[in-house]
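Each remark here refers to the structure printed beneath this line.
The values are calculated or read from the model by the stated rules, or taken from the named source; none is laboratory data. In this text the structure is predicted, and so the values were computed from the model without any measurement. Quick reminder, even Gly has a Cβ in these numbers, built from the backbone with ideal geometry, and neighbours come from all protein chains shown.
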């Protein structure tokens, strides 16, 4: 029986030091990735590692995920393997034994976490739209120089398969069409 700590921050430049301070464990899994989906290396490694009788400590519910369905699926999946999930900040322990209050809290807090992420994205879109209207937001800078685009245009006119040409450059077909336009 192992005690595992799972730590997640959203970006590589964020610091995870505040999470699970003083919480003893046998092994730590960490991700520096968004919680918007479950395709995270540390999470996947942890899910493979855990065994019946293990306990996973997670600083707070939103660190495991920001989507109600994903959170419920992960917690229920771990419980079905005999693994307990402990959300330290919220003081919630899920060990497969049904507790109506804890189930309600899991659903409510995961819904709030998903709601927070939706609000964040909405504010981000609004800010980008305002910056664009003021000419201050130009989007991501292309990795292709003007010389690269000139070569691309020549290849584009002679290429029979535009999708194959786009794959050669490592871009989508739609982006290829925008670049040569």
- Message: For the stretch 52-91, which positions are farther than 25 Å from residue 119 by Cβ, within 20 Å of the chain's Cα centre (by Cα) and crowded, with 22+ Cβ neighbours inside 10 Å?
- Response: 56, 78, 85
- Item | the stretch 117-136 residues that are outside the structural domain of residue 36 (by TED's automatic domain parsing), paired with ones that are assigned to a helix (DSSP H, G or I) (beta carbon under 6 Å, 6 or more apart) | none
- Query: Of these, 149, 130, which one is over 15 Å from residue 60 (Cβ atoms), in a helix (DSSP H, G or I) and over 29 Å from the mean Cα position of the chain (by Cα)?
  - Reply: 149
- Message: Which condition from (1) surrounded by 14 or more Cβ atoms within 10 Å (Cβ to Cβ); (2) part of a loop (DSSP other than H, G, I, E, B); (3) touching a helix residue (DSSP H, G or I) at 6+ places or on another chain (Cβ under 7 Å) is the one that residue 156 breaks?
- Response: (2)
- Would you mention how many residues in the stretch 48-75 are touching a strand residue (DSSP E or B) at 6+ places or on another chain (Cβ under 8 Å), in a helix (DSSP H, G or I) and modelled with pLDDT of 95 or more? 1
- Message: Kindly evaluate residue 174 against the criterion of being surrounded by fewer than 11 Cβ atoms within 10 Å (Cβ to Cβ), without any contact (Cβ under 8 Å) to a residue 24 or more places away in the chain and under 24 Å from residue 36 (Cβ atoms).
- Response: yes
- Among the residues listed as 69, 60, the single one being within 19 Å of residue 23 (Cβ to Cβ) and assigned by TED's automatic domain parsing to the domain that holds residue 7: 60
- Could you grab me the full set of residues in the stretch 92-110 that are part of a helix (DSSP H, G or I) and surrounded by 13 or more Cβ atoms within 10 Å (Cβ to Cβ)? 102, 103, 105, 106, 107, 109, 110
